[in-house]
Amino acid sequence: MSTAVPPRPRISIVTPCYNEESNVERCAAEVRRVMTEQLPDYDYEHFFCDNASTDETVNVLKRIAAADPSVKVIVNSRNVGPFRNMANGLRSVTGDLVVPMIPADLQDPPDVVPQMVAKLTDRVDVVYGVRTKRKDPLWLAAGRALYYWAARAGGGSNPPSHAGEFLLARRHIIQSVNEVAGSYPYIRGLVAQTNPRWDKVEYEWGIREHGRSRNSLPDLIDQGLNGLISTARAPIRWSLLLGIVLAIAGVIAAVVNVGLFLFGNQEVTQGIPTLIVGMFFFGGLQLFFLGLIGEYVVSIHQTIRPAPPMVEVERINC
């Protein structure tokens with residue numbers, strides 16, 4: 001009498017890429033090495049989601065997929081940015097465990113995945129990868145620190161500081177994220193909003209060895225604003241509170257000046273410079289509030305009336 005062999009657990013890995021012809025082959029090889037040598041008890045699938053690359057990335061991926069059925073390729077009709085690209089790949093994963101992103105440049109190293117698997121006990125649903133050392137310029141390091149402070153101060157559910165989409169999550173967590181991903185998903189924030197039982201693995205962020213990053217400073221700012229707006233409600237409430245405080249302070253100042261004018265012996269006229277400074281201060285504050293409200297409005301508009309999604313031009317080994 002034959003005994004059925006239970007299926008082996010599977011890990012799904014997503015790698016979003018755009019013009020990474022010099023990196024994708026090395027990335028696929030490194031993931032294959034880690035899975036075969038360090039996680040031999042697991043099956044795996046490695047999705048490369050190409051964002052309409054204009055170089056030879058797609059041809060290189062086709063060659064890799066032809067030799068390795070574990071490598072699966074999704075080719076987009078247009079560049080939709082890394083987060084939308086990643087979210088589209090997550091809709092196709094079939095594994096019991098999911099790594100939403102291993103970058104093609106391997107700055108988040110696949111060797112950390114076995115450490116994540118070791119920490120994924122019955123009491124843990126998500127293991128975050130936390131970057132402890134980053135070789136960033138001082139201005140960028142300061143900007144990141146300020147961003148993580150703002151995210152924590154903004155309230156809501158946030159991942160640990162210096163954690164990104166390089167994490168390991170159970171399939172039901174990713175399914176919950178897919179259900180509410182929206183038109184501009186902030187993957188790490190959505191994972192945190194499921195309020196999972198979590199642990200973390202600290203690692204050193206690697207150096208990009210080939211090519212250059214496609215994430216420009218405007219892209220980083222856009223992604224950071226999306227993360228704050230989509231996960232934090234506190235900024236708009238801070239604005240309301242600050243507006244109330246300044247309005248009360250203005251009324252008090254007006255009452256004091258009227259009192260000095262009526263009952264005091266000193267002049268209350270402070271001169272043109274004071275008026276100019278006050279106008280610029282309150283004008284700038286109003287513009288800041290309008291911009292903040294505008295970000296929330298844009299986020300709502302994108303959710304209600306999203307742009308047409310990109311079309312998958314080709315799927316290989318899926």
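The values are calculated or read from the model by the stated rules, or taken from the named source; none is laboratory data. Since this is a predicted model, take the numbers as computed values, not measurements. Positions of Cβ are backbone-derived with ideal geometry, glycine not excepted, and every protein chain shown enters the neighbour counts. Side chains included, ligands, DNA and RNA excluded: accessible areas come from the protein's heavy atoms. Shrake-Rupley method; radii C 1.70, N 1.55, O 1.52, S 1.80 Å.
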| field | Where labels lie 7 Å past Cα in the beta-carbon direction, separation of D111 and N59 in nm | value | 3.3
| said: At 7 Å along Cα-to-Cβ for each site, give me the label-to-label distance between D96 and F281 in nm. | reply: 6.3
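Using a 1.4 angstrom probe on the protein heavy atoms only, line up L106, L146 by accessible area, largest first.
Values: L106 20, L146 110 Å².
Highest to lowest solvent-accessible surface, that is L146, L106.
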| With θ set to phi - 60° and the Karplus curve 6.51 cos²θ - 1.76 cosθ + 1.60, what are the ³J(HN,Hα) couplings of region 88-99 in order, to the nearest whole Hz, using x for Gly and Pro? | 5, x, 5, 6, 9, 5, 10, x, 6, 10, 9, 10
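Please compute the length gained on full extension between D41 and F289, using 0.36 nm multiplied by the number of residues separating them and subtracting their Cα-Cα distance.
Details: separation 248, 0.36 × 248 = 89.28 nm, distance 5.40 nm.
Full-extension gain reported as 83.9 nm.
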| request: Please work out how much length the chain gains when fully extended from R33 to V124, using 0.36 nm per residue of separation minus the C-alpha to C-alpha distance, in nm with one decimal. | output: 30.2 nm
| field | Where labels lie 7 Å past Cα in the beta-carbon direction, separation of K133 and A145 in nm | value | 1.8
| query | Between R171 and R197, 0.36 nm times their residue separation minus their Cα-Cα distance comes to what? | reply | 8.0 nm
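Using r as the Cβ-Cβ distance of A67 and R315, and R0 as 22 Å, what FRET efficiency do you calculate, to the nearest 0.05?
Details: r = 17 Å, r/R0 = 0.79.
Efficiency at R0 = 22 Å is approximately 0.80.
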